[in-house]
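Since the structure comes first, as structure tokens, the remarks are kept for the end.
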Amino acid sequence: MAGQTDRILVLASAFGDLDEARVEAEVESLLHGGMRPREIQKILELGMRIVAENYRIGEYFLADRLFAGRIYRRIMELPRMSSAMPGAAPLGTVLVGALPGEFHDEGNDALAAALRSLGLEAVDLGLGAGAGELETAFVELKPGAAVLSCWRADAAAGIGPLIRRLRGAFPSMGGLALRGGEALASAFAELGADAYAEDILAAQDFCLARARGA
């Protein structure tokens, strides 16, 4: 047990240090040792929290947080991190996007990769999609779930009207979760969202449940 605990700490520390090569090597070692992908993801989330804390105290910058998301994505794209059956039909469609006006879409590519690892078809709209483009994507793709990110505090005021517009365009929307600034954690319901995803694991669980009709 002590040995495994040490390996967990090594992986979390490597992620916190943004050491991509060491992170990948530790993940491969843990997979070889029989650790399940979800347990490895929990360690990655611990590493993400280390990065976030280093950002909070001024040790890291936004570029470092974005790089952490790219490391996470790369790990989730490893074949052995996937539980999806090769050739199987997608379990459902999930839309991932950033709210209009956002300067970055931190972690959205990692989230999309994590959703695909579960067998979901994740469509990442990337950065810069306007309200009209989001509306069109909802209508055309008919996603079972959607996750929209909002990191700018001054952008939160526009979330409610946008969600009402999207629900009006696609009334049968399976479910919509928000991720981003902590202020959303207590305000998501009044903004019209169904959930707040505090991390990628939470977003995965939400989307998988909605894809299964929960």
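Read-outs throughout are calculated quantities, based only on the coordinates presented, and are distinct from any laboratory measurement. For clarity, every value in this text was computed on a predicted model and none was experimentally measured. Neighbour counts run over all protein chains shown; Cβ positions are idealised from the backbone, glycine included.
Taking 7 Å steps out from each Cα toward its Cβ at residue 53 and residue 25 produces label points 2.5 nm apart. With a cut-off of 11 Å between beta carbons, the residues surrounding residue 112 carry a summed charge of -3, where Lys and Arg count +1 and Asp and Glu -1. The residues 104, 32, when put in order of fewest to most other Cβ atoms within 10 Å, stand as 32, 104. By the count of other C-beta atoms within 10 Å, a proxy for reagent exposure, 17, 154 are ordered fewest to most as 154, 17. Comparing 208, 37, 195 along the charge dipole axis of the chain, the residue lying farthest to the positive side is 208, per the Cβ-charge model. Inverting the pair-averaged 1/r between distinct Cα atoms of the stretch 93-211 gives 13.7 Å as its Kirkwood hydrodynamic radius.
Counting neighbouring Cβ atoms within 10 Å and putting the fewest first, the residues 186, 13 line up as 186, 13.
Dividing the Cα radius of gyration by the Kirkwood radius, what Rg/Rh value follows for the chain?
On the way: Rg = 17.3 Å, Rh = 17.7 Å.
For the chain, the value is 0.98.
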